[in-house]
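Asks: One structure, pasted below without further comment.
The values are calculated or read from the model by the stated rules, or taken from the named source; none is laboratory data. None of these values were measured; they are calculated from a predicted model. Cβ placement follows ideal geometry from the backbone for every residue including glycine, while neighbour counts extend to all protein chains displayed. These area figures cover heavy atoms from the full protein model, side chains too; ligands, DNA and RNA do not enter into them. Shrake-Rupley method; radii C 1.70, N 1.55, O 1.52, S 1.80 Å.
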There are 2 protein chains.
Amino acid sequence: MTSPRQTRADRRRATEERILDKAREEFAARGFDRTTIRAVAGAAGVDPALVMQYFGSKRELFGRAVQTFTAPAPEAADADAFADRMLATLGLKLGGLPEGTLAVLRSMLTDPAAADHVRTALGGQIAGAGAAVPAHDDRELRAALAVTTLLGVTIGHQLLGLPALREASPDRIAALLRPALNALAEAAPGPDAAGA
Amino acid sequence: MTSPRQTRADRRRATEERILDKAREEFAARGFDRTTIRAVAGAAGVDPALVMQYFGSKRELFGRAVQTFTAPAPEAADADAFADRMLATLGLKLGGLPEGTLAVLRSMLTDPAAADHVRTALGGQIAGAGAAVPAHDDRELRAALAVTTLLGVTIGHQLLGLPALREASPDRIAALLRPALNALAEAAPGPDAAGA
DNA sequence: TTGTTCGGTCAACGGCTGTAGAGTCGCGGT
DNA sequence: ACCGCGACTCTACAGCCGTTGACCGAACAA
């Protein structure tokens, strides 16, 4: 093998990356609280103290591990593209979304910092989706419902592993979801809708 | 005051109930891992050892605290009642669902036991909802999508506290959600739907 | 070669947690 | 009046965790 003369900085970056990778896996599988620095270090073949030396604290390690998760707000011109855009995001999700994202999602219900992270990301996604919804006076609400719908399906599928969803193909799910999302974006509520 | 001559067994039941109440609050607010027996005992004005003596272990305390959460499967005859039934469940949810339920939901992503609990309950709910969906070959999948949709909205609203949902009235949310649920139950997917 | 920087390890501390066992005190039956 | 049972408390242990500081050896610059 022609070893490319691995310099010291190279080695450093490599270990750092390996730690980050294993941390992502662990955080995604067990969440923030149950993930131990010792376990991450062990998986990366490294001493726990090194993790601290590189990342300062468990919290910062988590931050670095999930920093790639800044959901790009889907941009879509009209309501038709709206559902497609969202489903594309979900399509990516159903195929298996990045481990950093799984990590934040897994921790969001028990770790306030992760919850903030998700709230912000979802907020951006809602704003982006809202722009694609026809100008109702409740665009934001409709967008929020669409986004949380996708969130629920993703949780049920990826994090809870509901059999009914695991058995289905992503395409089928997307096909069934599309009319539902369109209903959220387009249709006006029936005249008997209760106001408040 | 006519004190009803509180017997010893009465006092015992009262303390037990108080511990269970505070445990539910704590589990609902912080999840299983972050809830400490010491905190529960403190909130109940009781020694931590007593909690152990009464409930055996933290795990059993959790079990007792959330045992009321066995979501009754909604029974509905046709697809029309389908959405209404589910929304009624959500209506209850939006009004503030029982703390035991919040506790399991909060813990489900990080605690496998809670995840099992939710998977089972959701499975029952899916089966119940599936019976109300017109006889497609994918009734169960459609029902699962409807249930996870509601799950997502509930999480976004109750556990994450998304502003866009908090600001809206439950009735409005229900009105917007209804067509989406109907779309899941009724409409056949377009002929271009990809099979698998 | 010599001195130094730096990737990496070792050992340890302090805090918090679930849990166990012995003990205290007062109500309730006799 | 007496005694026992049971509600409740005190104290302590053992384990695990995040975090720290001293230390070692090899790669680098001079």
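Asks: Quickly run through the stretch A:96-116 and pick out the residues that are of a type outside the set (A, V, I, L, M), more than 11 Å from chain B (Cβ to nearest Cβ) and part of a helix (DSSP H, G or I).
Replies: As a first pass, look at the stretch A:96-116 and keep what is of a type outside the set (A, V, I, L, M): A:96, A:98-101, A:106-107, A:110-112, A:116.
Filter again for more than 11 Å from chain B (Cβ to nearest Cβ), leaving A:96, A:98-101.
Listed by number, the residues that qualify are A:Glu99, A:Gly100, A:Thr101.
Asks: Further, regarding this structure: Go through the stretch B:131-153 and give me each residue that's open to solvent by 10 Å² or more (accessible area, probe 1.4 Å), more than 7 Å from every other protein chain (Cβ to nearest Cβ) and assigned to a helix (DSSP H, G or I).
Replies: Residue satisfying the conditions is B:Arg139 alone.
Asks: I'd like the full set of residues that are within 14 Å of another protein chain (Cβ to nearest Cβ), surrounded by fewer than 17 Cβ atoms within 10 Å (Cβ to Cβ) and more than 9 Å from DNA strand D (Cβ to nearest atom), limited to the stretch A:22-48.
Replies: Within the stretch A:22-48, just A:Ala29 meets the criteria.
Asks: Under the condition of being open to solvent by less than 50 Å² (accessible area, probe 1.4 Å) and modelled with pLDDT of 95 or more, which residue from the stretch A:59-83 is nearest to A:Glu17 (Cα to Cα)?
Replies: To start, the set of residues in the stretch A:59-83 that are open to solvent by less than 50 Å² (accessible area, probe 1.4 Å) comprises A:61-63, A:65-66, A:69, A:71, A:73-74, A:76, A:79, A:81-83.
If we keep only those that are modelled with pLDDT of 95 or more as well, we get A:61-63, A:65-66.
Details: A:Leu61: 11, A:Phe62: 13, A:Gly63: 14, A:Ala65: 10, A:Val66: 13 Å.
Looking at residues that are open to solvent by less than 50 Å² (accessible area, probe 1.4 Å) and modelled with pLDDT of 95 or more, I get A:Ala65.
For (1) modelled with pLDDT of 95 or more; (2) in the same structural domain as A:Glu25 (by TED's automatic domain parsing); (3) among the small types (Gly, Ala, Ser), each residue gets a yes or a no:
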residue	(1), (2), (3)
A:Val118	yes, no, no
A:Gly128	no, no, yes
A:Ala131	no, no, yes
A:Asp137	no, no, no
A:Leu145	yes, no, no
A:Thr148	yes, no, no
A:Ile155	yes, no, no
A:Leu159	yes, no, no
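Asks: From the list A:Arg13, A:Arg18, exactly one residue is near DNA strand C (Cβ under 10 Å from one of its atoms), under 23 Å from the mean Cα position of the chain (by Cα), at pLDDT 95 or above and more than 14 Å from chain B (Cβ to nearest Cβ). Which is it?
Replies: Values: A:Arg13 fails: under 23 Å from the mean Cα position of the chain (by Cα).
One residue alone meets the criteria, A:Arg18.
Asks: From the list A:Val118, A:Val104, which residue is touching a His at 6+ places or on another chain (Cβ under 9 Å), more than 16 Å from DNA strand D (Cβ to nearest atom) and among the β-branched types (Val, Ile, Thr)?
Replies: Working: A:Val118 fails: touching a His at 6+ places or on another chain (Cβ under 9 Å).
Answer to the selection: A:Val104.
Asks: Pairs under 7 Å by beta carbon, first residue at pLDDT 95 or above in the stretch B:43-57, partner more than 8 Å from DNA strand C (Cβ to nearest atom) and not aliphatic (A, V, I, L, M), six or more apart or different chains?
Replies: B:Ala43/B:Lys22; B:Ala43/B:Glu26; B:Ala44/B:Arg18; B:Ala44/B:Lys22; B:Val46/B:Thr15; B:Tyr54/B:Glu16; B:Phe55/B:Arg64
Asks: Right, something else. Quick check on B:Pro179: is it on the phi < 0 side of the Ramachandran plot and more than 7 Å from every other protein chain (Cβ to nearest Cβ)? Before the answer, list the steps.
Replies: Working: on the phi < 0 side of the Ramachandran plot: yes; more than 7 Å from every other protein chain (Cβ to nearest Cβ): no.
For B:Pro179, the condition - on the phi < 0 side of the Ramachandran plot and more than 7 Å from every other protein chain (Cβ to nearest Cβ) - is not met.
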